[in-house]
1. Given (1) open to solvent by 30 Å² or more (accessible area, probe 1.4 Å); (2) over 35 Å from the mean Cα position of the chain (by Cα), identify the lone condition not met by GLU470.
2. Identify all residues within segment 196-252 that are among the aromatic types (Phe, Trp, Tyr) and assigned to a loop (DSSP other than H, G, I, E, B); write none if there are none.
3. Taking VAL447 and the conditions (1) out of contact with any helix residue (DSSP H, G or I) (no Cβ under 6 Å at 6 or more places or on another chain); (2) under 30 Å from ILE373 (Cβ atoms); (3) at pLDDT 95 or above; (4) not hydroxyl-bearing (Ser, Thr, Tyr), which numbered condition does it fall short on, given that it satisfies the others?
4. Against the definition (at pLDDT below 95 and over 24 Å from the mean Cα position of the chain (by Cα)), how does PRO736 come out, yes or no?
5. Quick check on my filter: what residues within segment 247-258 are within 19 Å of TRP372 (Cβ to Cβ) and either without any contact (Cβ under 8 Å) to a residue 24 or more places away in the chain or surrounded by fewer than 16 Cβ atoms within 10 Å (Cβ to Cβ) (or both)?
6. Restricted to segment 543-557, and to residues that are open to solvent by less than 30 Å² (accessible area, probe 1.4 Å) and out of contact with any Lys or Arg (no Cβ under 6 Å at 6 or more places or on another chain), which residue is nearest to ASP626 (Cα to Cα)?
7. Need a quick list: strands (runs of 3 or more DSSP E) entirely within segment 263-329 having at least 1 residues that are among the aliphatic types (A, V, I, L, M) and out of contact with any Phe, Trp or Tyr (no Cβ under 8 Å at 6 or more places or on another chain).
Amino acid sequence: MNPGTCRDAGGGLQAHRRHRLFWPVLLAGLAASSAWAGTTGRIAGRILDAKKQPLPGVTVAMIGVQLGAITDENGQFTILNIPSGTYSVRAALLGYRAITTTNLLVSADETTRLDLVLQEEAVQLQEVVVSAKRPVVEIHRTSTVAIVPREQIQKLPVQELQDVVNLQAGVVDGHFRGGRQDEVQYQVDGLSTNNAYDNSNSVRVDRSLLQEVQVVSGTFDAEYGQAMSGVVNAVLRRGGDKFQWDGEALLGGYYYSTSSRGQEYLFDPVSQRNFELTASGPTGLPKTTFLANVNRHFTGGAYYYERRFTPAPVGDGSPQAKVAAPDGDGAKDPLTDSQEWSGVIKLSTKVAGKEFTYQALANALEGHNIAWINHLVPDGATHQRSLSVVHGVGFTHTLSPKAYYQIDLRQNYYDFRDMAFDDVNDPRYAEYGPLNHLEGYENNSNVQGVDLSRFRLTTNAFLAKGTFVEQRSQTQQVKLGLEYQAPKITAGLPEKLVAGVTGGTGAYGVNVASNPVSEGLPVFFSGYAQDESEWNQFMLRVGARFDWFDARSSLPSDLANPANSIPGVPQSTPKATSNKLNVSPRLGVSYPVAPNAAIYFSYGHFYQYPPMQNLFVNSNYAVLSDLQAADDVQRNGILGNPDLRAQKTVQYQIGVKQAITTDFGLDFSTFYKDIRDLLGTEFVTTYNNAQYVRWTNVDFGSVIGLTLSLNQRALGPFAITADYTWQHAIGNSSDPDETLNRAAAGQDPLPRQIPFNWDQRHTFNLTVSGGTPHGFSGSGVLRFASGQPYTPLLDNSTPLMANTARKPTGTVVDLRLEHPVMFWGLASSAFARVFNLFDERFFNGFVFPSSGSPDYSRFDDPSQQAILADPTRYFEPRRIEVGVALRRAAP
């Protein structure tokens with residue numbers, strides 16, 4: 001029995017009983033106060049007469065949607081549980097002229113204000129129609145939240161969710177305000193899509209599916225957990241009462257000069273292909289609508305391999321024989337490529353204040369990511385396949401105009417494979433042998449053999465989540481919620497391939513050896529309470545969250561004798577991991593200092609459990625049974641630790657927002673993050689003075705910074721947004737295994753404060769969009785980044801203090817142009833996109849540590865020459881795409 005992944009019989013039985021008894025308690029709690037958050041918003045306002053007196057009894061109805069309200073004695077109204085989107089709202093009262101407000105944008109978890117004045121009329125006159133303008137800044141927000149609606153996404157040169165996220169203030173290559181990449185929670189329609197194995201986003205969401213994207217880069221409310229740096233909520237489109245469909249097709253390829261990148265340029269105008277079709281509308285069943293999407297995506301990389309050799313040996317089987325008689329066909333194809341199918345289906349039924357939904361989001365991807373060292377024998381590399389399915393059912397029950405609850409049950413399934421051949425006994429493994437090179441030939445690139453590495457990961461998580469929402473008054477909303485998550489994680493394969501002498505034959509070959517498979521069955525349970533109140537324009541958001549975690553595993557009781565292999569010392573027994581409970585207070589305030597300006601402050605504690613791979617992978621301490629003092633500390637790798645604590649960040653933020661004019665606003669904020677209990681490594685000494693390494697909560701860091709966002713909604717035909725981020729992110733290690741790597745390199749492993757690898761001090765994003773209603777339109781995005789740190793070399797082998805030098809600055813420009821056309825009799829548009837317009841070669845990528853440049857090294861040795869021959873060290877070159885977008889709605 002594996003002590004790192006399983007408990008003893010008594011502990012396992014107790015865990016099973018707790019798990020079995022937990023379900024009735026959970027479901028009872030969900031029935032009392034459940035729902036998912038992050039998909040709907042609300043409209044609130046006040047209606048007055050011409051004398052500025054409140055008008056009670058005004059009917060406020062959303063056109064085309066079965067939602068509305070009636071104003072109270074103070075003229076106030078609130079409409080809850082509105083799906084994200086753009087709406088028309090009609091306000092009417094007998095004896096007054098009706099007003100219809102169009103283009104009213106509602107965002108998830110946000111309040112859209114609608115204050116109106118109705119004019120008395122003696123006779124029936126034509127109603128007034130006005131177009132709403134969203135405030136250029138939301139002065140009631142208590143934190144930094146970027147909301148990108150569908151209309152804006154469609155204009156940007158982006159293809160998927162992550163492209164939108166990386167354009168927001170405070171985000172640097174997926175790092176939010178100086179945190180590690182795995183400190184962000186990604187959600188689709190309010191539920192997490194993070195893979196518990198490594199805390200990465202498990203689904204790719206195409207821009208055609210997005211109704212709205214919310215990026216919270218500052219502190220966030222108590223309803224969000226398992227994140228320390230930020231939250232991304234992608235709200236998907238949904239079906240309506242009228243049938244409509246739209247589609248898009250594009251083709252493209254890379255275009256760059258051969259002299260700038262060191263490899264022969266091969267133009268392929270169809271290396272990028274994307275075909276997408278979406279349909280929505282009524283299903284034919286009563287009160288039931290649907291949305292269906294299918295996407296086929298082909299991607300080919302910019303740099304090419306040359307199939308000079310096959311993996312099979314020739315002659316005497318030596319690399320010399322391969323080089324003397326190349327047996328490849330000389331074909332040239334991209335080093336990286338992928339083929340993807342993705343799609344979404346959403347069904348919704350509304351009956352008498354109740355809504356039932358089903359949603360499924362799937363991605364199936366297959367491709368190659370061939371390292372440059374294999375560019376002469378590409379068929380020897382592994383290929384990757386993944387399948388991701390996120391699906392589930394939801395139920396919404398509107399109890400009254402001021403209260404509702406929802407229940408959501410979801411399954412997140414992810415399967416990933418990375419291997420050359422599926423069958424470990426495939427005869428080609430033995431025939432080809434391991435990858436091999438001829439010393440000095442083509443910078444030691446491989447010329448024969450096959451990659452023997454094999455990996456498979458499967459995560460299957462069940463989620464149950466809910467929230468009860470009550471609008472106690474127009475100025476107070478209370479939200480309560482529960483969440484349960486039970487992921488099953490299986491990493492690795494039961495066998496592995498090793499090259500060596502085959503037992504009994506004396507011949508060198510490829511052998512199949514046993515390999516431990518890592519499994520985990522942890523349980524997460526969370527709950528929160530949150531109150532949002534307003535007094536005389538003073539906004540207060542206060543909440544608290546609890547997170548309970550049980551790894552349901554065990555560890556040796558005495559880490560100094562982990563495998564009971566040292567005689568005469570205390571013996572270890574399996575000890576159950578402890579349950580972890582963390583409580584997180586959250587506070588946000590916003591105080592208006594002028595009609596269009598406010599000061600805001602927010603504070604919170606944020607906990608996140610480390611990726612499950614660090615708990616369960618290589619967590620069988622029995623591998624230490626023959627550990628001796630003379631052994632290399634790296635021999636057994638880093639052992640998993642199922643008893644890891646949650647990582648913790650305390651964040652503070654203060655800022656000011658002001659609408660300088662009705663179309664120009666700014667948002668300035670400063671922030672500080674104190675980061676503790678980060679994942680790192682520790683050296684454990686046994687009773688026989690041997691050492692091994694395991695994961696633990698030992699790393700730390702801090703971040704200080706500021707962001708400035710400017711939004712110019714209309715300047716003639718143009719709209720401009722710009723944001724600037726300055727930050728200083730430091731800590732004792734950028735990667736959890738950095739301490740071990742320093743020790744292995746003979747460097748001082750003791751903690752020290754240095755800039756993180758992603759400590760990009762200056763980041764500037766500028767977006768300009770514009771055009772005419774029936775002519776050309778377009779947008780351009782400029783991204784500027786100062787250099788991230790690197791460790792310089794004094795000579796060919798002596799590094800200076802870590803991360804004390806800076807890479808060069810970089811600037812990248814992307815464009816999108818569009819023009820209406822008639823295509824097959826449909827009102828459509830033709831568009832073109834250009835990424836990296838000026839073909840910049842560098843944007844915070846690889847540099848030689850001896851020179852700080854990606855183009856040359858100060859030292860002339862084989863390792864440097866091999867890097868100089870590798871064009872993949874450069875930033876992705878210019879890519880040009882053209883396409884057509886079709887749209888048709890039923891009359």
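1. Result: GLU470 fails condition (2) only.
2. Of segment 196-252, the ones among the aromatic types (Phe, Trp, Tyr) are 197, 220, 224, 243, 245.
Selection gives TYR197, PHE220, TYR224, PHE243.
3. (1)
4. On the way: at pLDDT below 95: yes; over 24 Å from the mean Cα position of the chain (by Cα): no.
It is false that PRO736 is at pLDDT below 95 and over 24 Å from the mean Cα position of the chain (by Cα).
5. So the first thing to find is which residues in segment 247-258 are within 19 Å of TRP372 (Cβ to Cβ), and the list is 254, 256, 258.
Across segment 247-258, the qualifying residue is only THR258.
6. The first filter runs over segment 543-557 and keeps only residues open to solvent by less than 30 Å² (accessible area, probe 1.4 Å), leaving 543, 545, 547, 549-551, 553-556.
Remaining after also requiring out of contact with any Lys or Arg (no Cβ under 6 Å at 6 or more places or on another chain): 545, 547, 550-551, 553, 556.
Working: ARG545: 45, ASP547: 39, ASP550: 31, ALA551: 28, SER553: 24, PRO556: 16 Å.
Step by step, filter segment 543-557, then rank; the result is PRO556.
7. Details: elements: 272-282, 288-300, 304-306.
In segment 263-329, the matching strands (runs of 3 or more DSSP E) lie at 288-300.
Condition check ((1) touching a Lys or Arg at 6+ places or on another chain (Cβ under 7 Å); (2) of a type in the set (Asp, Glu); (3) under 30 Å from LEU480 (Cβ atoms); (4) surrounded by 19 or more Cβ atoms within 10 Å (Cβ to Cβ)) across all residues:
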position	(1), (2), (3), (4)
ALA364	no, no, no, no
ASN369	no, no, no, no
PRO378	yes, no, no, yes
SER386	no, no, no, yes
GLY394	no, no, yes, yes
TYR404	no, no, yes, yes
ALA420	no, no, no, yes
ALA430	no, no, no, no
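The values are calculated or read from the model by the stated rules, or taken from the named source; none is laboratory data. In this text the structure is predicted, and so the values were computed from the model without any measurement. Cβ atoms come from the backbone with ideal geometry, glycine included; neighbour counts cover every protein chain shown. Side chains are part of the model used for accessible areas, which takes the heavy atoms of the whole protein and leaves out ligands, DNA and RNA. Shrake-Rupley method; radii C 1.70, N 1.55, O 1.52, S 1.80 Å.
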